[in-house]
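Laboratory data are not the source of any read-out in this text; all were calculated from the coordinates shown. Note that this is a predicted model, so its numbers are computed, not measured. We place every Cβ from the backbone using ideal geometry, glycine too, and count neighbours over all the protein chains shown.
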Amino acid sequence: MAEQQFLERVLFSEEQLAKRVSELGRQISADYRGKKPLFVGILRGCILFYADLIKNISVDCTLDFMCLSSYSGTGSTGHVRTMLDLRESIQGRHVVIVEDIVDTGLTMEYLMKQLKDRGAASIEICCLLDKPGNRKVEVTPKYIGFSIENEFVIGYGLDYNELYRNLPYIGVFKKQ
Ligand code: IMP
């Protein structure tokens with residue numbers, strides 16, 4: 001496949017991802033028993049993670065999405081914008097933000113500020129990947145799939161210039 005020339009190595013296989021995502025689903029289901037959480041997926045990177053995660057949620061829940069943008073190539077522009085907002089009100093809801101990766105933290109900081117005044121009962125972040133070594137602002141996801149080194153990764157929803165989101169595994173992007 002064309003991605004091979006851009007791939008340094010596979011970081012998490014399909015099987016490793018499935019196992020960890022089901023563990024996260026079970027943990028979140030236990031924590032939100034009786035609470036009917038609202039899962040807010042952050043497009044577009046969340047898509048595969050989100051779909052697999054909610055299949056592992058065993059409590060009643062509702063789904064909504066936002067589209068935020070900050071990245072260009074392999075670097076954050078640091079300037080976050082809302083491209084698509086929620087359809088549902090979050091007033092009184094227990095919100096779980098589902099994000100592909102937290103890197104500098106700027107996107108989640110921006111989102112938390114956006115959602116803070118909308119009257120949610122609680123807001124937590126669930127990210128598949130965390131790059132704590134690259135943080136510029138304090139953001140603490142409650143649910144983390146894997147913590148990784150400061151490397152640029154692709155696959156399972158994560159892109160490089162909109163490519164490679166469809167890979168079923170996560171790999172380290174090969175610098176050209
Ligand atoms: P932050 O605002 O720097 O935390 O970046 C968050 C967003 O940047 C994520 O939702 C991703 O879309 C993108 N991003 C950060 N690191 C990577 C990466 O290694 N691969 C692909 N996208 C990334």
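Tabulated data for the structure shown
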| item | result |
| --- | --- |
| Normalised contact order of the chain, rounded percent, pairs of Cα under 8 Å and 6 or more residues apart | 26 |
| Segments 105-114, 83-92, 40-49 sorted - mean Cβ within 10 Å per residue, highest first | 40-49, 105-114, 83-92 |
| Estimated distance in nm for a label pair at Glu138 and Thr62, the labels positioned 7 Å out from Cα along Cα-to-Cβ | 3.3 |
| Approximate spin-label separation Gln91-Asp117, in nm, with each point projected 7 Å along Cα-to-Cβ | 1.6 |
| Label-to-label distance, nm, for residues given as Gln4 and Ala30 (7 Å Cα→Cβ offset) | 4.2 |
| Mean residue ellipticity (222 nm) of the chain, computed from DSSP H runs ≥ 4 via -39,500 (n - 2.57), nearest 500 | -7000 deg cm²/dmol |
| Cα-based shape type of the range 1-150, given that a ≥ b ≥ c are square roots of the gyration tensor eigenvalues and the cut on a/c is 1.5 | oblate |
| Euclidean distance of C-alpha centroids, the range 110-135 and the range 3-42, integer Å | 16 |
| Rg followed by Dmax, in Å, when the range 1-56 is reduced to its Cα trace | 14.4, 48 |
| Lys, Arg +1 and Asp, Glu -1 on Cβ, resulting dipole of the chain about Cα centre, debye, nearest 20 | 320 |
| Dipole magnitude of the range 78-148 about its Cα centre (Cβ charges: Lys, Arg +1; Asp, Glu -1), debye to nearest 20 | 140 |
| Karplus 3J(HN,Hα) series, Hz, for the range 83-99 with 6.51 cos²θ - 1.76 cosθ + 1.60 (x for Gly, Pro) | 8, 8, 9, 5, 8, 8, 6, 9, 3, x, 8, 8, 9, 10, 7, 10, 10 |
